[in-house]
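The values are calculated or read from the model by the stated rules, or taken from the named source; none is laboratory data. In this text, all values refer to a predicted model and were calculated from it rather than measured experimentally. All Cβ positions, glycine included, derive from the backbone under ideal geometry; neighbour counts span all protein chains shown. Ligands, DNA and RNA are stripped out before the accessible areas are found, and what is left, the full protein with its side chains, is counted by its heavy atoms. Shrake-Rupley method; radii C 1.70, N 1.55, O 1.52, S 1.80 Å.
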Amino acid sequence: MSLLKIEKLNVFYGDVQVLRDVSLEVKKGEVATIVGANAAGKSTLLRALSGLLKKASGSIRFNSEELLGLPAFEIAAKGLIHVPEGRRIFPLLTVQENLEIGAYTRRTEGNLKKKLDEVYAIFPVLAEHKGQAAGSLSGGEQQMLAIARGLMAEPTLLMIDEPSLGLAPLLVAKTFQVLERIKGEDVTILLVEQNVVRALEFSDRAYALENGRITLHGTGLDLLKDPYLKKAYLGL
Amino acid sequence: MSSTLVVQLVISGILLGGIYALSSIGLTLIFGVMKIVNFAHGEFLMLAMYVSFWLFHWAHLDPYLSMLISVPLFFIIGILTYKVFIKKTIGAPILSQIFVTVGLSIIIENLALLFWSADFRTVSLSYLSRPIILGPFSGLGLEEIIVNKARLIAFILGISLSIAFYLFMRFSYLGKVIRATSQDRTTALLMGINIDRVYTISFAMGILLVGIAGALMIPIYTVHPFVGFEFVLIMFVVVVLGGMGSIVGAVVAGLFIGVVEVFSGFFIGPESKQAVYFLVFIAVLVLKPSGLFGEKGEEELERIEAIGE
């Protein structure tokens, strides 16, 4: 059964329509990736899913529940967690405070401690800097923090927007290692990524978004082999 | 200039500054969290002074005890003001926000004038009338130092509350949630935080703090419908000087402005004290535009489409 099923989603910024009749699904335990050029509407899609964009029509079903029209904070409470583009950590809060805020919807005294221990085990670098202002971390560390903060919410579906953007190649590799590990922990992932090859290799399911429409879908490997996609994004 | 005089002036200045600090914290909190400049803050202070005055006048309630009524009352007034007036301006152009809070200040001022007339009213408490005399400290070469009791009480309570409030913001989970929301409200929403509720609580706490300040000030100052305007100017100087949104900054700047005011009032003349602290204010802002403890870009905020409803 689909964990997330989107049907004929149309999203607008003011009068401008950004997404047109987008339909896609993600099954439990999968990694799904959305690829597409800049301004194709990838981030818009994630923002609409998490309830930040209100001018939308169609249907977004998560665990068979309609999300469209719900306030963003209620959607997060249902376990659909969005790690936004550009990390968007709270710069003046410490690393640990950022993580504590991440657990907002799941905060109980014992649980907070347990989740912190789990997340520090995955991201030892964050444990080293836990008392430091998050804004003073390097770009790669901030990305780790953004993902870790998302995990603190015990997500059913983690949506991650451009996790490798602006990172050095070594850190990109590290980011994908982390995603691999999260996948192993039974978290379903919806990924938006400009590092197309890596993302597709890693995905069970993939969609290409072009000018606000889904133009291709299949397994990650299907898309990798697609001649059109190769030409458009990989320059091959 | 004798050293006794300097010590006396510094003490008077710091005591005065404690009052400025407490009355400004609410303003800086509301700005820091919601990026709304509450131009009606002085009028809430005026209301708080009237509440304590009338409780004293009609029920013979000691102004310090009247806080027990003021605290819940102003918390509720804060919630109602947020829900009825402020909430609609979140995300609206800054001009609409200014119109709403300035309009609110004019309405409150004129309602006070209508109901309570323009009379100047004071509360005098017999147990506060005699000042405390410290010294002489012959070992330090100091003569007697005079400390006004009402100002001392206002200072001690004001600074204690400021510290308690700072610790609350720093260490409690709700404090962290409020700080996170003030830094990035869109991301706060993504964490599942109902920012409308955070705003309601923050605004209500800001009004509650000025409510306490009013009760502490009524034994010292005369209340009349326009008293808010006299103080709001100083509050804005304190908030901007300290760094908009910074609690520590408001306390430090409050004490600093208090000392500046007392010294300039004594040496130059009371009529020019505002000119002096505005000069100091401009000088600090030229050197450090974000204020003493301010974060660069604190006043900027991304426009968002929805605050969660």
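Table for the structure above
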item	result
B:S96-B:R170 pseudo-label distance in nm [points 7 Å out on the Cα-to-Cβ vector]	3.8 nm
Spin-label pair A:S59/B:W54, simplified geometry with 7 Å Cα→Cβ offset, distance in nm	5.7 nm
Heavy-atom accessible area ranking, 1.4 Å probe, most first, across B:I282, A:I182	B:I282, A:I182
By accessible area with a 1.4 Å probe, ligands and nucleic acids excluded, highest first: order of A:D186, B:D184	A:D186, B:D184
The range A:34-136: chymotrypsin sites (Phe, Trp or Tyr not before Pro) in DSSP coil with no more than 14 other Cβ atoms inside 10 Å	none
5 angstrom amide H check on A:I214, placed H, neighbours 5+ away	A:S23
Area of A:D204 that stays accessible when all protein chains are in place (1.4 Å probe, Å², to 10)	60 Å²
Within the protein assembly as shown, percent of DSSP bridges classed antiparallel, to nearest 5	60 percent
Heavy-atom SASA rank of B:D62, A:D117 (probe 1.4 Å, accessible area, largest first)	A:D117, B:D62
Phi-based couplings in Hz for the range A:26-34 (Karplus 6.51, -1.76, 1.60; Gly and Pro marked x)	10, 9, 4, x, 7, 10, 10, 10, 10
Centroid-to-centroid separation of the range A:9-57 and the range B:173-228 [C-alpha atoms, Å]	36 Å
Solvent-accessible surface (1.4 angstrom probe) belonging to B:L167, in square angstrom, nearest 10	80 Å²
CD proxy at 222 nm, helix term only [per DSSP H run n ≥ 4: -39500 (n - 2.57); per residue of chain B; nearest 500]	-23000 deg cm²/dmol
Loop-located GluC sites (Glu not before Pro) in the range A:113-222, at most 14 other Cβ atoms within 10 Å (DSSP)	A:E185
Relative contact order of the range B:3-308, defined on C-alpha pairs under 8 angstrom at six or more residues apart (%)	37 percent
Sequence-distant residues sharing a close amide H with A:A153 (under 5 Å, placed H)	none
Net charge dipole size for the range A:22-165 [Lys, Arg +1 and Asp, Glu -1 on Cβ; Debye, nearest 20]	260 debye
Filtered chymotrypsin sites (Phe, Trp or Tyr not before Pro), the range B:223-293: DSSP coil and at most 16 other beta carbons within 10 Å	B:F226
DSSP loop trypsin sites (Lys or Arg not before Pro) with at most 16 other Cβ within 10 Å: longest gap in chain B	B:1-295
